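The values are calculated or read from the model by the stated rules, or taken from the named source; none is laboratory data. Please read these numbers as outputs of a predicted model, since none were measured by experiment. Please note: Cβ atoms are built from the backbone with ideal geometry, for glycine as well, and neighbour counts cover all protein chains shown. Surface areas here come from the heavy atoms of the whole protein model, side chains and all, with no ligands, DNA or RNA. Shrake-Rupley method; radii C 1.70, N 1.55, O 1.52, S 1.80 Å.
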Amino acid sequence: MAADDFQAARQIVMSAIRKLILITGVAAVPLALPLGFAIGEGTTAVVLAGVVWAALMALIPIGFTVNRHYEAKYAALLRATGFTLVTDQDGRLRYVPPGEPLPGHGNPFAVGT
């Protein structure tokens with residue numbers, strides 16, 4: 001049963017990563033086009049915009065790695081100081097300070113409050 005849960009969670013994460021890559025790819029176009037057309041004219045500008053876009057897309061894995069490291073570092077710091085990891089009503093992970101009630105017990109992240 002745990003293997004099925006792991007596979008389901010893995011598919012959800014992979015789907016989210018694909019969506020992030022697609023959104024980032026689309027968002028990189030407005031950055032690449034002005035730079036390409038500022039540097040060159042005509043076909044050269046289009047080629048330069050494509051090269052700039054490809055370079056920006058090559059930075060995506062680096063950004064994911066840096067972000068993952070940053071989140072892990074601060075999650076460990078919060079856990080070490082006594083914060084409790086909970087999931088709010090929207091499915092986001094939150095850290096509840098020590099001594100605070102968990103969701104469903106008067107917590108602002110609880111469902112139905």
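According to the calculation over all Cα-Cα pairs in the range 5-95, the P(r) per 5 Å bin from zero is 3, 12, 13, 15, 16, 12, 9, 7, 6, 4, 2, 0 %. At R0 = 22 Å, how high is the FRET efficiency between I23 and D88 if r is their beta carbon distance? Nearest 0.05 is fine. The formula returns an efficiency of 0.45 here.
Gain on full extension, evaluated as 0.36 nm per residue between A38 and A54 minus their Cα-Cα distance, stands at 4.0 nm.
Along its three principal directions, the equivalent ellipsoid of the range 42-106 from the Cα gyration tensor extends over semi-axes of 43, 14, 6 Å, largest first.
Per residue, how much accessible area does the range 5-88 show when a 1.4 Å probe rolls over the protein heavy atoms, in square angstrom?
Values: 6210 Å² over 84 residues.
It amounts to 74 Å² per residue over the range 5-88.
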